[in-house]
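Here is the structure we will look at, set down as structure tokens.
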Amino acid sequence: MIYLFDSHRKQKCPFKPLKAPDVLIYVCGPTVYDYSHLGHARSAITFDLLSRMLTLSGYRVHLVKNFTDIDDKIIAKALQKNTDIHTLTEYFIKGYLQDMQALGVQRPKLEPRASVHLGGIVQLVQDLMQKGFAYQTPNGDVYLDTSLDQAYGSLSGHSLELESLSRIEDNPEKKHPQDFALWKAYKGEGDLGYASVLGKGRPGWHIECSAMVRESGAYTDTPYQIDIHGGGTDLFFPHHENEASQTRCAFNQELAQFWVHNGFVNISGEKMSKSLGNSFYIKDALKVYDGEVLRNYLLGVHYSAILNFSSDDLASQKKRLDKLYRLKKRALELAPAPSTANPTFAHAMLESMQDDLNISKALSVLEEHVHLSNEKLDNTTNKVDKKHGAGEILADLLFVESLLGLGGKDPKVYFQLGVDTALKEYINTQIALRQEAKKAKDFARADAIRQALSGHGIALMDTPNGTIWEKII
């Protein structure tokens, strides 16, 4: 049985797809006006883990993650950079996809963009107007009349009477303060506008997602359009509340049967925010840490909790990954290929993740398994049995890779991460000089070379197949 915490019901609930074996998931992706940051990374990894878990549980996952490429911030950035919207958004979409690849995040089935779905967006706004749920103001803007949706506020639990409306666009032409824009009329030079039956303008932020959900394979014959809608906690209100409202009004369906939200990333004890000047770009983090090392750290805290980013914690948690690769390296030396995974181990790992992505339990199971696997190899003297055990270990690690996205590298490559080309050339030269010194029985010189490399954080290991090296710090 799979359990997920539903943000709407505010409790962990059994998950049953609307139409098994298919599972429809829509995740709010980035607004592409800047480089992606650790908050984007955490959200992407969360729903990547969810997708992997569901797939290994036997479901056929249809994951959709959009790009918001029409937005006030994008327009402002394009003006600032003196470039066009398309060039700007394409640049940042490309960067985002590169960052996701480095983090081991599998690409969704679909990656819709607001600019490609303008026809569907306009049609949805028209439908809401024709059904009486939306109105157009004298200046051409179109708003949803939230007073006509009796369930408005029920998703997030926000009380409109008590809720500060400071985040909601202020316009004296609106009927009610909480009404939100579906279509923004073109304001002239410096704005972005598309010709449409609604007049020249552009979509509001919230309507984009409802239209893209509908056009990305949503169900039309069930009480809910999709199984799971996800995103960061900061999107719950007003974005997801407004999405749910306009979908309910337009289609007489709820948008999703489960709402899943990942927690914030804090840096120096503050919520990561560009306005605070502490936004940690993924591209900058990747200059210091390998993508898998960063992934290992970001998935180590339950997705719903706040993650307090710390370089010390990241280095500490890397030790877990080191142990995984040390075991893989050992197994590869004994077995040429994986055999069959240990079913007890695989079940325990998957069962942990089926409990609302209980990563702490899954990592505990993994740590114990790594310890027992090393112990088993230590205590097995028969070469055939040892080879069989190593093959099983390799299969177990393949399962870990498929579930958590960890452990997929060649151990030799992993233990040499963070060493640039110039240092690699220096290391290889020193290893060759050390071999010459050993042949000449100049062991003092050979030891001096080893010590010098150790000062660079490089450890040498002499094996039957020659000398290999690893980065140790």
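The table that follows gives values for the structure above.
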quantity: Formal net charge of residues neighbouring residue 393 (Cβ-Cβ distance under 15 Å; K, R +1; D, E -1); calculated: -1
quantity: Cα-based reach from residue 174 at 29 Å (exclusive), listing lysines while leaving out same-chain residues under 8 positions away; calculated: 73, 77, 131, 184, 187, 200
quantity: Sequence of 287, 387 from largest to smallest accessible area, 1.4 Å probe; calculated: 287, 387
quantity: The chain - share of DSSP beta bridges that are antiparallel (%, nearest 5); calculated: 50 percent
quantity: Rounded Å value of the spacing that divides the Cα centres of region 303-374 and region 413-473; calculated: 30 Å
quantity: Karplus-derived 3J(HN,Hα), 6.51/-1.76/1.60, for each residue of region 288-293, Hz, glycine and proline x; calculated: 9, 10, 4, x, 5, 5
quantity: Proximal lysines relative to residue 441, as straight alpha-carbon distance under 30 Å, when same-chain residues fewer than 8 apart are discounted; calculated: 412, 424, 471
quantity: Mean Cα-pair separation over length for the chain, i.e. relative contact order, pairs under 8 Å, 6 or more apart, %; calculated: 16 percent
quantity: Carbon plus sulfur fraction of accessible area for the chain, probe 1.4 Å, in percent; calculated: 52 percent
quantity: Where chymotrypsin sites (Phe, Trp or Tyr not before Pro) fall in DSSP loop in region 165-253, at most 16 other Cβ within 10 Å; calculated: 186, 219
quantity: Computed [θ] at 222 nm, deg cm²/dmol, the chain (DSSP H ≥ 4; -39,500 (n - 2.57); rounded to nearest 500); calculated: -14500 deg cm²/dmol
quantity: Protection-proxy order for peptides 389-402, 319-332, each taking the mean of Cβ atoms within 10 Å per residue, highest first; calculated: 389-402, 319-332
quantity: Proximal lysine pairs, region 229-345, alpha carbons under 21 Å, eight or more residues apart or interchain; calculated: 10
quantity: Relative packing of 421-430, 125-134, 376-385, which averages over residues the other C-beta atoms within 10 Å, highest first; calculated: 125-134, 421-430, 376-385
quantity: Per-residue HN-Hα couplings for region 114-122 [Karplus 6.51, -1.76, 1.60; θ = phi - 60°; Hz; x = Gly/Pro]; calculated: 4, 5, 8, 10, 4, x, x, 5, 4
quantity: Accessible area expressed per residue, the chain, with surrounding protein chains retained (probe 1.4 Å, Å²); calculated: 47 Å²
quantity: Extension gain, residue 107 back to residue 16 (0.36 nm per residue minus Cα-Cα distance, nm); calculated: 30.4 nm
quantity: Rounded to whole Å, sorted largest first: equivalent-ellipsoid semi-axes of region 192-301, Cα gyration tensor; calculated: 33, 20, 14
quantity: Tilt relative to the chain, helix 443-455 - C-alpha long axis, 0 to 90 degrees, to 10; calculated: 10 degrees
quantity: In degrees, nearest ten, helix 241-251 long axis to first principal axis of the chain (Cα); calculated: 60 degrees
quantity: Using alpha-carbon coordinates, inclination of helix 383-404 to the longest axis of the chain, degrees; calculated: 20 degrees
quantity: Net +/- balance of residues flanking residue 13 in space, Cβ distance below 15 Å, scoring K and R +1, D and E -1; calculated: -1
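The values are calculated or read from the model by the stated rules, or taken from the named source; none is laboratory data. Remember, predicted model here, so these are calculated numbers, not experimental data. Note: ideal-geometry Cβ built from the backbone for every residue, glycine included; neighbour counts use all protein chains shown. Side chains included, ligands, DNA and RNA excluded: accessible areas come from the protein's heavy atoms. Shrake-Rupley method; radii C 1.70, N 1.55, O 1.52, S 1.80 Å.
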